[in-house]
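Trainee: Below: one structure in structure tokens.
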Amino acid sequence: MKVSGFSFIRNAVKYDYPIVEAITSILPVCDEFVIAVGDSEDKTRKLIESIPSKKIRIVDTVWDKSLRKGGKVLAAETDKAFKEISPDSDWAFYIQGDEVLHEKYHPEVREAMVKWKDDPKVEGLLFKYLHFYGSYDFVGDSRRWYRKEIRIVRNDPAIHSYRDAQGFRKNMRHLKVKPLNAIIYHYGWVKPPEQQQAKQKSFHKLWHDDEWVQKNISQDEAFDYSKIDSLRRFRGTHPEVMENRISSKNWEFAFDPTKKNLGFKKKILHFIEEKTGWRIGEYKNYKII
């Protein structure tokens, strides 16, 4: 069995993406890793080059500004990296620049890839998610956060990144997947407030025009993390690859997890989900088989 990791990145230094941690978190279960490095305004390429692994192969890309609306450029960059993986790979493990896999899940992930390698009905593997917010001590637990997503797909040219790189499609239909207990740790909402605000101003330009961004995104220098509906304190351990980053950047973030900023309907739905695990009306970007 051969496994290729793949991802894309641009301006990782400027916007404080944990791309090094993302890549190194899945390298142990990959035979190679292809990273599409976009035309950055910082030293992103040198950062990737500094990772001490011969498995990594860089593909230099230029982001197409005409694909700005709806975040389509993110899917385009994902597909560029996907197309460059070795043709003899069985699986492709996708990781975004702010996602990290805990090392405790390596055995489960590898076992699943071996188990389903020769079953063509299984087109992908589905991961659970933890979304950290404000600091490394809190995770989002409201309906605004997606709970599962595909991160391993077959090396099939008919498979493509979907919309704004949210998931994948094959001939525009949902992929047929097997679920894992493995969890992807998403750190996109944990940055110094100044860099988070800079990222928000830049990131929303991938979906909207300048006028919309000016009107709807705060022009303050620092991001206001207090405007969040519901969080819970994280009691587990972070991936080893995140230890240095956390020890140097885990600033104070005060939040009372017993207080929920939810409307009446959302409180009812939140209560049902907490008690039963059932998320009513949940959008599923996949088909479990």
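What follows is calculated from the coordinates using simple rules that are stated; it is not laboratory data. Predicted model only: the values in this text are computed from it and were never measured. Here the Cβ is made from the backbone with ideal geometry for all residues, glycine too, and neighbour counts use every protein chain on show.
Trainee: When averaged across all projection directions, what area in nm² does the alpha-carbon convex hull of segment 38-126 cover?
Mentor: Values: hull surface 31.7 nm².
Answer in nm², one decimal: 7.9.
Trainee: Can you tell me the mean projection area, over all orientations, of the convex hull of segment 1-80's alpha carbons? Units nm², please. Intermediate values should be presented prior to the final figure.
Mentor: Numbers: hull surface 22.0 nm².
If you wrap the Cα atoms of segment 1-80 in a convex hull and average its projections, you get 5.5 nm².
Trainee: I need the P(r) histogram for segment 104-190: all alpha carbon pairs, bin width 10 Å from 0 out to the longest distance, whole percents.
Mentor: Once binned at 10 Å, the Cα pair distances of segment 104-190 give 16, 43, 32, 10, 0.
Trainee: List I246, I152, I35 from most exposed to least, where exposure is judged by having the fewest other Cβ atoms within 10 Å. Before the final figure, lay out the partial values.
Mentor: Numbers: I246 17, I152 28, I35 25.
By the 10 Å Cβ count, ascending, the order reads I246, I35, I152.
Trainee: Quickly rank 264-275, 174-185 as a protection proxy: mean count of other C-beta atoms within 10 Å, highest first.
Mentor: Numbers: 264-275: 12.6, 174-185: 18.7.
Order by mean packing, descending: 174-185, 264-275.
Trainee: Based on alpha-carbon positions alone, could you give the equivalent ellipsoid semi-axes of segment 173-263 from the gyration tensor, as √(5λ), descending, whole Å? Before the final figure, lay out the partial values.
Mentor: On the way: eigenvalues 134, 94, 57 Å².
That gives 26, 22, 17 Å for the three semi-axes.
Trainee: Using a Förster radius of 51 Å, what is the FRET efficiency between F271 and E41 based on their Cβ-Cβ separation? Nearest 0.05, please.
Mentor: Computed FRET efficiency for F271 and E41: 0.65.
Trainee: Further question: When we measure straight from the Cα of K128, which lysines land under 18 angstrom away, once same-chain ones fewer than 8 places off are left out?
Mentor: Leaving aside lysines fewer than 8 places away in the same chain, those within reach of K128 are K104, K148, K176, K178, K284, K287.
Trainee: Take a quick pass over segment 32-80 and tell me how many lysine pairs come in under 17 angstrom between Cα atoms, counting only ones 8 or more apart or on separate chains. Don't skip to the end; give the middle numbers.
Mentor: Values: K46/K54; K46/K55; K65/K80; K72/K80.
The result is 4.
Trainee: Okay, next question. Could you compute how fast segment 169-221 diffuses translationally, taking Rh as the Kirkwood radius over C-alpha pairs and applying Stokes-Einstein at 37 °C with viscosity 0.692 mPa s? Give it in µm² per second.
Mentor: Values: Rh = 14.3 Å.
Translational D for this selection: 230 µm²/s.
Trainee: Related question: Whole-Hz ³J(HN,Hα) for each residue in segment 59-64, computed from phi via Karplus 6.51 cos²θ - 1.76 cosθ + 1.60 with θ = phi - 60°, x for glycine and proline: what do you get?
Mentor: The phi angles translate into 10, 7, 9, 10, 6, 7 Hz.
Trainee: Calculate I(q)/I(0) for the chain by the Debye formula, one identical point scatterer on each C-alpha and no solvent, and give its log10 at q = 0.08, 0.13 Å⁻¹ to two decimals.
Mentor: Normalising to I(0) and taking log10 leaves -0.34, -0.96.
Trainee: Something else about it: Along each of its three principal axes, how wide is the spread of alpha-carbon positions in segment 42-187, in whole angstrom units, largest first?
Mentor: 41, 41, 36
Trainee: Could you run the Debye sum over the Cα atoms of segment 134-289, one equal point scatterer each and no solvent, and tell me log10 of I(q)/I(0) at q = 0.10, 0.13, 0.18 Å⁻¹, two decimals?
Mentor: The calculated log intensity ratios at q = 0.10, 0.13, 0.18 Å⁻¹ are -0.50, -0.86, -1.40.
Trainee: Now for a different question. Taking springs between alpha-carbon atoms closer than 10 angstrom, which of N11, N261, N155 fluctuates most in the Gaussian network model of the chain?
Mentor: Taking springs between Cα atoms under 10 Å, the residue moving most is N261.
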